[in-house]
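Enquirer: Please see the structure below; I have some questions.
Bear in mind that the values in this text are calculations on the coordinates, not laboratory data. Just so you know, these numbers come straight off a predicted model, no measurement behind them. No Cβ is skipped: glycine too gets one built from the backbone with ideal geometry, and neighbour counts run over all protein chains shown.
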Amino acid sequence: MAVVEHLQLPTMRLFYENYTSNFDATTYELLDFLQLPRLGPAPVFYKQKHYPHFYEPEQIGFVKSMAKSLATPECWALVRHYFESMVVEVSGNVSSTTD
């Protein structure tokens, strides 16, 4: 049993793509979930920022392996696509982190 289920904590599923497709609604939904007021305009959100060039493909593979081993099956099903779609180009070589 996951900790949040055991402790009966409220949860919210928030995906990066929610920000890119509907930033304002997602921001309001998050603030509502956290029971926080909106204090001013949100900072500018820059869509599609990626940093794969900061990491070697092997490092991304290790992070994927760790995330998969620590996640519940339900959680992994929700986040798996972030790793499977990641293609890294390093020094002209392209590799994928898919299984």
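Enquirer: With Cβ to Cβ distances under 13 Å as the rule, what net charge do the other residues near SER21 carry (K, R +1; D, E -1)?
Expert: Details: positive: LYS47; negative: GLU17, ASP24, GLU29.
For residues surrounding SER21, the net value is -2.
Enquirer: Give me, ordered by chain and number, the residues 5 or more places off GLU56 or on other chains with an amide H under 5 Å from its own placed amide H.
Expert: none
Enquirer: Here is a further query. Among 28-36, 58-66, what's the highest-first ranking by average C-beta atoms within 10 angstrom per residue?
Expert: For the peptides 28-36, 58-66, the packing ranking is 58-66, 28-36.
Enquirer: Got a sec? Charge dipole of the stretch 1-47, +1 on Cβ for Lys and Arg, -1 for Asp and Glu; which of PRO43, TYR28, PRO10 is way out at the positive end?
Expert: PRO43
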